[in-house]
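Inspection log for the structure reproduced underneath, given as structure tokens.
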Amino acid sequence: MILSGKALAAEIEEGLKKRVEKLGFSPGLDIVMVGDDPASRTYVEKKLNKAGDIGIKGRLHHLTESTTEEELLTLISKLNADKSVHGFIVQMPLPKQIDSLKIISAIDPRKDADGLHPLNLGRLAQGSKTIASATPKGIMRMIDYYKIPLAGMEAVVVGRSNMVGKPISYLLTNRDATVTLCHSKTKNLAEHTRRADLLVVAVGSPYLIKADMVKEGAHIIDVGTTKLAGKTVGDVDFDPVSRKASVTPVPGGVGPLTVIMLMENLVELAERAKAEPQPEPPPSRRRRKQG
Ligand code: NAP
């Protein structure tokens with residue numbers, strides 16, 4: 001079976017349009033992009049287009065490759081303080097002169113549309129309600145859409161990034177799967193992947209997972225995307241693997257869900273901001289009225 005993400009993403013999109021209408025204003029999603037990485041450019045365009053489709057006001061801050069950490073932190077402070085911005089993301093990867101963890105930690109957790117701030121990631125690990133990182137959140141939606149029963153299931157995650165591998169391992173653990181987290185230092189990867197009833201692969205290594213590495217009848221979520229000879233390919237050797245297991249295609253699997261989950265996070269942040277407006281600063285910090 002092919003585990004497509006397109007129909008589910010379209011269904012979620014319709015729901016989000018209604019939630020935006022109910023808000024009564026266009027929520028603002030700002031995207032900060034540093035440098036000119038072609039893959040990042042494509043992702044950012046997709047996010048801005050989808051925001052427009054839903055009635056979200058998307059705005060791009062495109063900074064040059066030579067931007068300093070201090071300059072980026074200054075922009076983040078501005079976005080944190082701007083009431084028209086309900087949420088924002090800093091597109092990864094960042095140039096090497098910038099410490100991405102420092103940048104993510106500077107984002108106000110109430111505007112953290114990517115769910116990457118330590119507070120949000122920590123809440124996710126605890127199993128508390130929070131803004132979850134878009135890709136893992138989309139994977140969980142897909143698992144529920146295809147009614148994959150997680151409790152007691154042997155789940156193997158390959159890749160341990162803060163954006164995908166770690167948060168999906170927390171979400172699966174919170175839903176009672178038995179989770180193994182693999183990475184580049186894992187010995188005999190195939191021994192682990194062959195045990196998996198559910199296999200999530202987020203590496204960025206084309207066709208890493210071959211048919212002899214998966215269990216008959218397993219469910220496989222391929223997060224990887226790599227441009228190869230002008231085509232976007234995943235981490236799973238799709239044709240042979242799909243003959244023995246259910247697999248997400250690349251493109252058309254996890255990708256559309258990642259984009260729509262970012263939009264859902266933004267709508268949720270805007271709903272929260274509307275329900276709990278930020279208190280005015282204390283009088284000493286307010287500017288005195290003239291005259
Ligand atoms: P990342 O930060 O690049 O990390 C890759 C992970 O893979 C690391 O944990 C690394 O291990 C592990 N790894 C590398 N080679 C390995 C091997 N041979 N065997 C086992 N593990 C190995 O990862 P990411 O940001 O999560 O991205 C992963 C992929 O998903 C990329 O292709 C990215 O473009 C794609 N992605 C797609 C979407 C989407 O919406 N479709 C969203 C996000 C990411 P170490 O930790 O030991 O180095």
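The values are calculated or read from the model by the stated rules, or taken from the named source; none is laboratory data. Keep in mind that what you see is a predicted model, and the values were worked out from it rather than measured. Backbone-built Cβ (ideal geometry, glycine too); neighbour counts: all protein chains shown. What goes into the accessible areas is simple: the full protein's heavy atoms, side chains included, and nothing from ligands, DNA or RNA. Shrake-Rupley method; radii C 1.70, N 1.55, O 1.52, S 1.80 Å.
Quick notes on this structure:
- Tallying residues that are near the ligand (Cβ under 8 Å from one of its atoms) and part of a helix (DSSP H, G or I) within segment 225-261 yields 5.
- Filtering segment 234-253 to residues that are in contact with a strand residue (DSSP E or B) (Cβ under 8 Å, 6 or more places away or on another chain) and open to solvent by 10 Å² or more (accessible area, probe 1.4 Å) leaves 237, 238, 242, 246, 249, 250, 251.
- Among the residues listed as 84, 100, 105, the single one being of a type in the set (Ser, Thr, Tyr) and touching a helix residue (DSSP H, G or I) at 6+ places or on another chain (Cβ under 9 Å): 105
- Selection within segment 259-273 - open to solvent by 10 Å² or more (accessible area, probe 1.4 Å) and of a type in the set (A, V, I, L, M): 259, 273
- Residues that are surrounded by 22 or more Cβ atoms within 10 Å (Cβ to Cβ) and closer than 16 Å to residue 203 by Cβ were ranked within segment 166-181; the one that is farthest from the chain's Cα centre (by Cα) is 169.
- Among the residues of segment 30-40, just one is farther than 18 Å from residue 72 by Cα and either more than 11 Å from the ligand (Cβ to nearest atom) or in contact with a strand residue (DSSP E or B) (Cβ under 6 Å, 6 or more places away or on another chain) (or both), namely 38.
- When 94, 101 are checked against the criterion of being within 13 Å of the ligand (Cβ to nearest atom), more than 21 Å from residue 51 (Cα to Cα), out of contact with any Leu (no Cβ under 7 Å at 6 or more places or on another chain) and not in a helix (DSSP H, G or I), a single residue qualifies: 94.
- Residue check, residue 75 in a helix (DSSP H, G or I), farther than 30 Å from residue 7 by Cβ, open to solvent by less than 30 Å² (accessible area, probe 1.4 Å) and touching a His at 6+ places or on another chain (Cβ under 7 Å): yes
- Residue list for segment 78-91, filter: in a loop (DSSP other than H, G, I, E, B) and out of contact with any strand residue (DSSP E or B) (no Cβ under 7 Å at 6 or more places or on another chain): 82, 83
- Restricting 65, 21, 14 to residues that are more than 16 Å from the ligand (Cβ to nearest atom) and part of a loop (DSSP other than H, G, I, E, B) narrows the list to 65.
- Residues within segment 1-31 that are free of Cβ contacts under 8 Å to residues at least 12 places away in the same chain, more than 23 Å from residue 45 (Cα to Cα) and hydrophobic (A, V, I, L, M, F, W, C), tallied: 0
- Taken over segment 27-72, the criterion of being within 26 Å of residue 257 (Cβ to Cβ), open to solvent by less than 50 Å² (accessible area, probe 1.4 Å) and acidic (Asp, Glu) is satisfied by 30 alone.
- Of the residues making up segment 68-83, not a single one is in contact with a Leu (Cβ under 9 Å, 6 or more places away or on another chain) and under 26 Å from residue 168 (Cβ atoms).
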